[in-house]
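What follows is a set of notes on a single structure, which appears directly below.
The values are calculated or read from the model by the stated rules, or taken from the named source; none is laboratory data. Predicted, not measured: the structure shown is a model, and the values here were computed from it. Cβ coordinates were reconstructed from backbone atoms using ideal geometry, including for glycine residues, and neighbour counts include every protein chain displayed. The area values use the complete protein model at the heavy-atom level, side chains included, leaving out ligands, DNA and RNA. Shrake-Rupley method; radii C 1.70, N 1.55, O 1.52, S 1.80 Å.
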Amino acid sequence: MKTKAARRPLLPPQWAPYLLLSPFLLLFAVFGLFPLLFSLWMAFQSWEPTAGLDAMRFVGSENFVFVLGDAWFWKSLKNTLWLAVVSGVPQHLVALPLAVFINQAFGRHGHAVSAAYFLPYITSTVAIAMMFTSLLSTDYGLINVMLHSVFGMEPINWLWQPQTLKPAVAMVVFWRYLGFNLVLYLAALQTIPRELYQAARLDGAGAWSQFRFIMLPALRPMILFGVTLSIIGGMQLFEEPFILTSGRGGPGQAAMTVAMYVYRLAFDFSDFGAANAISWLLFALLVLMTWLTNKAFKERQA
């Protein structure tokens, strides 16, 4: 009795993983790698977009020299750093003890409580900015009404004064991202074994000692993760100040961030070369800040 010969596979078996990964690799190459490399190429070009791709002219490092000597760039970088610190640091200083309280008061049901704090993070940025524009209104804003009724203060023109615009933007960013950090810390706290707390109480450790010697060491990786995300998000801050200032940065460019300046250089002034140069300078700064953060959180060997 004759037997049928086994069919030879169309492709060798060792090619199967690459075949399965090919859709992702293709999409990444088209929508990820190509724009990244094109942006790097553009940083060394002078280009007027309306003239077409043939109008590109290689200028070497001129874009970087221009950016480093541009007063607006340094002002936007100063604004960005200020907003990143003033809105970012309080997020963690409030989220961490709040997560500890929710974890101790509600235990495993704390996620239901933290969901209320998480809502601003998943809410539309446009809706949030419109809400705070109304709250910060000079004549009828609820914040000014409360300040006047409680402290007798005169109405503050929050969004049209350089000295009050940046604190207003920082308040919006803090309010929006507090819940995100809260959820991170709460999730990390609930992974700590209860037996550690019980053993610490038997040894006479109080609440502060438990927080210092049990919670903080266990939360170190999550704190590093949260702080790193805050640094990256703070340095790329765009949506909140853009909407609150109608895309102009406010009076005296008090709330113009680096990301907003990149947008204005590209789409208002049609200087795509300088805009891409700033993007890569910002990337280098983020790499440096992330490295310093990791070094600061690195456990010191005894």
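State, as an integer percentage, the relative contact order of region 1-143 based on alpha-carbon contacts under 8 Å between residues 6 or more apart.
Numbers: 41 pairs, mean separation 11.0, N = 143.
Contact order relative to length: 8 percent.
Given q = 0.09, 0.12, 0.17 Å⁻¹, what are the Debye log10 I(q)/I(0) values for region 103-262, with equal point scatterers placed on the Cα positions and solvent ignored?
Debye intensities relative to I(0), on a log10 scale: -0.44, -0.70, -1.01.
Using amide H atoms built 1.01 Å from N in the peptide plane, name the residues 5+ places from Q45, or on other chains, whose amide H lies under 5 Å from its own.
HN-HN under 5 Å from Q45: V59.
Rounded, prolate or oblate: which one fits region 1-158, using the alpha carbon gyration tensor with axes a ≥ b ≥ c (rounded when a/c is under 1.5, else prolate when a/b beats b/c, else oblate)? The partial results should precede the final answer.
Values: a/c = 3.18, a/b = 1.42, b/c = 2.25.
Judged from the Cα gyration tensor, region 1-158 comes out oblate (a/c at least 1.5, b/c at or above a/b).
Relative contact order for the chain: what is it in percent, counting Cα pairs under 8 Å that are at least 6 residues apart?
Across the chain, relative contact order equals 27 percent.
Report the full-extension gain for the segment D203 to V126: residue separation times 0.36 nm, less the Cα-Cα distance, to one decimal in nm. Present the calculation step by step, with values, prior to reporting the outcome.
On the way: separation 77, 0.36 × 77 = 27.72 nm, distance 5.21 nm.
My answer for the length gained is 22.5 nm.
Taking R0 as 35 Å, what's the FRET efficiency between R108 and F297 from their Cβ-Cβ distance, rounded to 0.05? The partial results should precede the final answer.
Working: r = 28 Å, r/R0 = 0.81.
That pair, R108 with F297, gives E of 0.80.
Here are a few candidate values for semi-axes √(5λ) of the Cα gyration tensor in Å: (1) 39, 25, 19; (2) 35, 19, 17; (3) 39, 37, 20. Which one was actually calculated from the structure I just gave you?
Entry (3).
Give a quick list of chymotrypsin sites (Phe, Trp or Tyr not before Pro) in region 67-160 that DSSP marks as loop, anything other than H, G, I, E or B, with at most 16 other Cβ atoms within 10 Å.
Y140
With every protein chain present, what is the per residue accessible area of the chain (1.4 Å probe, Å²)? Spell out each step's value before the answer.
Numbers: 18650 Å² over 302 residues.
Accessible surface, normalised per residue, equals 62 Å².
Ignoring ligands, DNA and RNA, what percent of the accessible area of the chain is carbon or sulfur (1.4 Å)?
Numbers: 12920 of 18650 Å².
Within the chain, the accessible surface is 69 percent carbon and sulfur.
Working with all protein chains in place, sort V30, V150 by solvent-accessible area computed with a 1.4 Å probe, largest first.
Values: V30 75, V150 100 Å².
Order by accessible area, largest first: V150, V30.
Rounded if a/c is under 1.5, else prolate if a/b is larger than b/c, else oblate: which is region 184-302, with a ≥ b ≥ c the root eigenvalues of its Cα gyration tensor?
Prolate, since a/c reaches 1.5 and a/b exceeds b/c.
Rounded if a/c is under 1.5, else prolate if a/b beats b/c, else oblate: with a ≥ b ≥ c from the C-alpha gyration tensor eigenvalues square-rooted, which is region 213-257? Could the numbers behind the result be given before it?
Numbers: a/c = 4.75, a/b = 4.08, b/c = 1.16.
Since a/c reaches 1.5 and a/b is larger than b/c, the shape of region 213-257 is classed as prolate.
Which value, in Å² and to the nearest 10, is the accessible area of K75 when all protein chains are kept and the probe is 1.4 Å?
Here the residue's solvent-accessible area equals roughly 80 Å².
List the residues whose amide H sits under 5 Å from the amide H of M256, counting only those 5 or more places along or on another chain, with H placed 1.01 Å from N in the peptide plane.
Close amide H contacts, sequence-distant or interchain: none at all.
Kindly point out which whole DSSP H helices in the chain project their C-alpha atoms 20 angstrom or further along the helix axis while averaging a Kyte-Doolittle hydropathy of -0.5 or above. Mind showing how you got there, number by number?
On the way: long enough: 71-106 (51 Å, 0.89); 162-189 (40 Å, 1.11); 216-235 (27 Å, 1.54); 272-297 (37 Å, 1.37).
For the chain, where a helix must reach 20 Å along its axis and average at least -0.5, the hits are 71-106, 162-189, 216-235, 272-297.
Can you tell me, using C-alpha contacts under 8 Å and at least 6 residues apart, the relative contact order of region 60-155 as a whole percent? Walk me through the numbers on the way to the answer.
Values: 29 pairs, mean separation 8.3, N = 96.
So the answer I get is 9 percent.
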